[in-house]
Amino acid sequence: MRYFVAFSYFGAAYHGWQIQPNAITVQEELEKAFSTLLKEKISLMGAGRTDAGVHAKQMYAHFSTTPISNTVDLMRRLNSFLPDDIAIQNIYEVPEDAHARFNATERTYEYLITTQKDPFSIATTHYIKQKLDIEKMNKAAQLLLGKQDFECFSKSKTDVKTYYCTVKKAIWEQKEDKFVFTITADRFLRNMVRAIVGTLLDVGTGKITIDHIHTIIASKSRAEAGTSVPAKALYLTQVLYPKNIIKVKNV
């Protein structure tokens, strides 16, 4: 039978989601836990790949196994077995052809910025010394909406077939010295969100104009976009699926 597992992780100790040689990853830790407790080789397919150091407040993966008699008990045992920085929220029985990556309809990320130096949040937010113009950053962010070729924000030498993504939401919100950038799309390219944030910060600090975003996108060149911001302040916050895949409300 096929199951979806909903989980979260603090990514500081991991070299991203996907298994890699000579590096600790979230997928490796989860597959080890599932295989040990279910006493068979379990392979997980995630909803997407997160870069090294990126966190996930909500992530999904699917796996197939013999029927699980008590998913609540399995979840409890998994949480006892896993490291403290990975947590299972739920395990769902899903249709046999359900796919955690290909059936996801949209994904949402948040990026956290602070303009006040704070030693207690230095590991989870990105500190910017300059004053930021949130109005300009939001106007620039609106230019990202819709279906476009985002090759300019993609890591080079990636194995994707297309650089087109449909961005449904891109907005900055400010509360005192904290800035939160939220972006939702049907899919994301490798390094895309971090490159977008770096570019929008260039707008907010006056390094480039709002209209220059058009030029950057049209160039399809990563060299034209801004510097990628640190992974430590990036969070995958939501992955959505059709109701026939997960018959409960997404967190």
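Please work out which one of (1) out of contact with any helix residue (DSSP H, G or I) (no Cβ under 9 Å at 6 or more places or on another chain); (2) open to solvent by 30 Å² or more (accessible area, probe 1.4 Å); (3) touching a residue at least 60 places away in the same chain (Cβ under 8 Å) is the condition Glu28 fails and give its number. The failed condition is (3).
Taken over region 236-248, the residue count meeting the criterion of being under 21 Å from Asp51 (Cβ atoms) and either surrounded by fewer than 16 Cβ atoms within 10 Å (Cβ to Cβ) or among the hydroxyl-bearing types (Ser, Thr, Tyr) (or both) is 1.
Of the candidates Ile216, Ile210, Ile196, the single residue that is touching a helix residue (DSSP H, G or I) at 6+ places or on another chain (Cβ under 6 Å) and either modelled with pLDDT under 95 or part of a loop (DSSP other than H, G, I, E, B) (or both) is Ile210.
The single condition among (1) open to solvent by less than 30 Å² (accessible area, probe 1.4 Å); (2) in contact (Cβ under 8 Å) with a residue 60 or more places away in the chain that Ile42 does not meet is (2).
Only one of the numbered conditions (1) under 16 Å from Arg107 (Cα atoms); (2) crowded, with 19+ Cβ neighbours inside 10 Å; (3) in contact (Cβ under 8 Å) with a residue 60 or more places away in the chain is not met by Ala233, and that is (1). Looking only at region 166-174, decide whether some residue is touching a strand residue (DSSP E or B) at 6+ places or on another chain (Cβ under 9 Å), of a type in the set (Ser, Thr, Tyr) and outside any strand (DSSP E or B). No, region 166-174 contains no residue that is touching a strand residue (DSSP E or B) at 6+ places or on another chain (Cβ under 9 Å), of a type in the set (Ser, Thr, Tyr) and outside any strand (DSSP E or B). Residues in region 198-208 that are open to solvent by 10 Å² or more (accessible area, probe 1.4 Å), hydrophobic (A, V, I, L, M, F, W, C) and under 25 Å from the mean Cα position of the chain (by Cα): Leu201 only. State yes or no: is Val180 out of contact with any helix residue (DSSP H, G or I) (no Cβ under 8 Å at 6 or more places or on another chain), open to solvent by less than 10 Å² (accessible area, probe 1.4 Å) and assigned to a strand (DSSP E or B)? Criteria not met by Val180. Of all residues in region 126-133, none satisfies being out of contact with any Lys or Arg (no Cβ under 9 Å at 6 or more places or on another chain), open to solvent by less than 60 Å² (accessible area, probe 1.4 Å), of a type outside the set (Val, Ile, Thr) and closer than 19 Å to Lys232 by Cα.
Candidates Asp85, Asp73: the one that is surrounded by fewer than 20 Cβ atoms within 10 Å (Cβ to Cβ) and free of Cβ contacts under 8 Å to residues at least 24 places away in the same chain is Asp73. Scanning region 209-218 turns up one or more residues that are open to solvent by less than 50 Å² (accessible area, probe 1.4 Å), in contact (Cβ under 8 Å) with a residue 40 or more places away in the chain and under 19 Å from Glu173 (Cβ atoms). When restricted to residues that are without any contact (Cβ under 8 Å) to a residue 40 or more places away in the chain and either of a type in the set (D, E, K, R) or open to solvent by 30 Å² or more (accessible area, probe 1.4 Å) (or both), region 107-125 contains 5.
The values are calculated or read from the model by the stated rules, or taken from the named source; none is laboratory data. On a predicted model such as this, the values are computed, not experimentally measured, just so you know. Counting neighbours? That spans all protein chains shown, and the Cβs are built from the backbone with ideal geometry, glycine included. Surface areas here come from the heavy atoms of the whole protein model, side chains and all, with no ligands, DNA or RNA. Shrake-Rupley method; radii C 1.70, N 1.55, O 1.52, S 1.80 Å.
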